[in-house]
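Below you'll find the structure, written out as structure tokens, and then a few comments.
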Amino acid sequence: MLLSPDWLIQPPAVHASVAATADGKTLTLQNGLVRRTFRLSPDAATVGLDQLVTGEAFLRAVGPEAVVTIDGKQRAVGGLTGQPNHAFLKPEWLPQLKADPDALHFTGYSVGKPVPRFAAAPALAGVSLDLKFAAPGLAVTVHYELYDGLPVFAKWLTVSNSGEKPFRVSSFTSERLALVEPESVVDKIERWEQPNISVSTDYSFGGMGQSNSNKTVHFVPDPGYATQVNYERQTPCLLEVRPPYGPDIVLEPGQSLDSFWTFVLLHDSTERERKGLALRKMYRALAPWVLDNPLLLHVTSTNPETVKTAIDQCAEVGFEMVILSFGSGLNMEDTSPQNIAKFKALADYAHSKKIRLGGYSLLASRSISERDDVKNPNGAIFGNSPCLGSKWGIAYFEHLKTFLTETGFDILEHDGSYPGDICASTTHPGHQGLADSQWTQFMQIRAFYHWCRSKNIYLNVPDFYFLNGSNKTGMGYRESNWSLPRAEQVLHARQNLFDGTWEKTPSMGWMFVPLVQYQGGGAAATIEPLKDHLPDYERHLQNNLGYGAQACYRGPRLYDTPETKALVTKWVAWFKAHRAILESDLLHLRRADGRDWDGVLHVNPALKEKALAVLFNPTDQPITRALRLPLYYTGLTKSAKLAVGGGKAKTYTLERDYSVTVQVTIPAGGMEWLVVE
């Protein structure tokens, strides 16, 4: 255990800082949790990367701070050469290291405060460090930020044309670290262990998870590591962060290009839960909009009376958002006065009831025309897709801006989004050819999402655009499973929630509830008529609200009888009574398997309710178990008060591992909950 104090429980007292040695040859960037050390002479380079909580050193060899490819020629940015052995970096070697004569050379540094990544993004408390490098006609600034209370380094580049002639930024590597290998294997191996770090960038797309959307982070063999154990010298222990294509952007004299941002999180444990807690805390800090977690109804019609009824029902039971779903008939690309007037009236009505209103628009996975579709040599990722740099693509975003602005819509559910398609067209106005097509299309959608964030427009995006303004992505489920029998859906849903929250805070992922038929399954798969399936409806509400996650309840209404209304109202009221702890982080207790209990434990040391456990019973008999609850992340150290199901609290003494054991009976097919104070 890491208590006294643990940064995941109590904010550290040490603030981020930059300090120089008396001789001016070394800089340290540290915050009490992590430290990055730079040698400034005879050139600037990272010579240390340390986890201060554990004492682990992550760096084994020195290299350039970045690499830029200008007009097809690679140039190192700073760096030192001459290290005799790349397995470790001894302090006595540093004075003998030499500058790379072909590199851009260090010219100075400046210290400041972190800046917002874009206008609506937060500027976190901490410190910034800019390292400046130059060569004739070319300047590169390597920007670092380190924040108070987070073991995370942020980094990005600014490439500037300081000469008199244009040049092309063909590509760049914005981070390059020779990391200590987590394992040494002599022979060939199918799957290598990676260093105990998480690397994220705001240039992510093409996936709903941290890993499969991460197209820029590469662990590759280090050609300079001659003494490694692997016989073929293929140990992937060199971190390189670079775009898959491009940017391939021409800079005229006086122009600059900013890279994307990279965030390197140094873990202090190999435990899956703790690593997930660290990653989730990072996302909450960098993208605080992910905590906006409204209860939402997906309405399957745009008939004004149907929509108004849905709005009224949401207001009655405590739901907070209505989304006009796919198949509802909404077309945001239609900016005619008649269409704008229709949906503005609905938005005004929703706002009068304190309900947010928005809708669905499909971008990728459809074909527009031969002229406007991507010319992807490998085929479009979703089969078909328009090019965002085509004439249609540029107009599409302008249509959406007009519609959202003039109607007053609060939400955009943006399906398809931009998955990373390249385009070889040379006639699209938004890009020159294949090499710059991914970069320019991404910049197009990034600018649009930044605009949405500046207007406080809620973004449901089935992709990992959190660092550019999106609020939610899919929690992770198979759509056809919502056509299974209702009882199977409920069990699948809890598995999806359990699996989806290892790297996502509950509020970052949406779930689904098919009030009406979705894809198939007929009457056995749907909850309508609602009054006839109240136990199934209740289990869906318990699943999602118990996990602190929100689902797309898809259908024309939330209730059909007073009994149904009472059921929904009951669970919404329960959720709101415990909302703060339910929307906090969670620990995974046991995954649903249909054979025994399953559940999770929400924890937040800053609240009066330090924890809330939700426990489910999938069987047709009550389950009584003595359950161990790990309370370390509540911050409690000696005792805890536990109340089962809203009953009288009982005091328990914590074990040496900060756990308590409590006997609980979970009703057949139901849920039980415990509050910890």
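Please treat every number below as a calculation from the coordinates, not as lab data. On a predicted model such as this, the values are computed, not experimentally measured, just so you know. Reconstructed Cβ throughout: ideal geometry from the backbone, glycine too, with neighbour counts over all protein chains shown.
A DSSP coil position with no more than 13 other Cβ atoms inside 10 Å describes none of the trypsin sites (Lys or Arg not before Pro) in the range 1-104.
Measuring spread by the Cα atoms of the chain yields a radius of gyration and Dmax of 26.9, 81 Å.
Restricting the calculation to Cα atoms, every distinct pair contributes to the Kirkwood radius of the range 181-240, found to be 12.8 Å. Helix 337-352 and the long axis of the chain differ in direction by around 70°, with both axes built from C-alpha atoms. For Val185, neighbours were defined as the other residues whose beta-carbon sits under 14 Å from its Cβ, and their charges (Lys and Arg +1, Asp and Glu -1) total -3.
Between the alpha-carbon centres of the range 122-139 and the range 18-79 there is a gap of 13 Å.
Evaluate E = 1/(1 + (r/R0)^6) for Thr405 and Thr637, where r is the Cβ-Cβ distance and R0 equals 51 Å; express this FRET efficiency to the nearest 0.05. Here the calculated transfer efficiency is 0.45. Among residues other than Phe382 with Cβ under 12 Å from its Cβ, the summed charge is -3 (Lys and Arg +1, Asp and Glu -1). Our helix-only sum for the chain, with -39,500 (n - 2.57) per DSSP H run of n ≥ 4 divided by its residues, gives a mean residue ellipticity at 222 nm of -6000 deg cm²/dmol.
Semi-axes of the equivalent ellipsoid for the range 580-676, computed as √(5λ) from the eigenvalues of its C-alpha gyration tensor and ordered from largest down, come to 22, 14, 12 Å.
The residue list Pro122, Ala135, Asn339 was ranked by how far each Cα lies along the charge dipole of the chain toward its positive end, using unit charges on Cβ atoms, and Pro122 comes out on top. Ordering of 250-258, 150-158, 606-614 by packing is 150-158, 606-614, 250-258, highest average first (other Cβ atoms within 10 Å, averaged per residue). Counting only alpha carbon atoms, the long axis of helix 272-286 and the longest principal axis of the chain meet at about 80°. To the nearest ten degrees, helix 486-500 and the longest principal axis of the Cα atoms of the chain are 30 degrees apart. Using C-alpha pairs under 8 Å with a sequence gap of at least 6, the mean separation divided by the residue count of the chain gives a relative contact order of 9 percent. Size descriptors for the range 17-286: radius of gyration and Dmax over Cα atoms are 18.1, 54 Å. Measuring nothing but how far apart in sequence close Cα pairs (under 8 Å, 6+ apart) lie, relative to its length, the range 286-432 scores a relative contact order of 24 percent. Simple point charges give the picture: +1 on the Cβ of Lys and Arg, -1 on the Cβ of Asp and Glu, and for the chain a dipole about the Cα centre of about 1120 debye. Packing around the peptides 343-353, 644-654, taken as the average count of other Cβ atoms within 10 Å per residue, puts them in this order, highest first: 343-353, 644-654.
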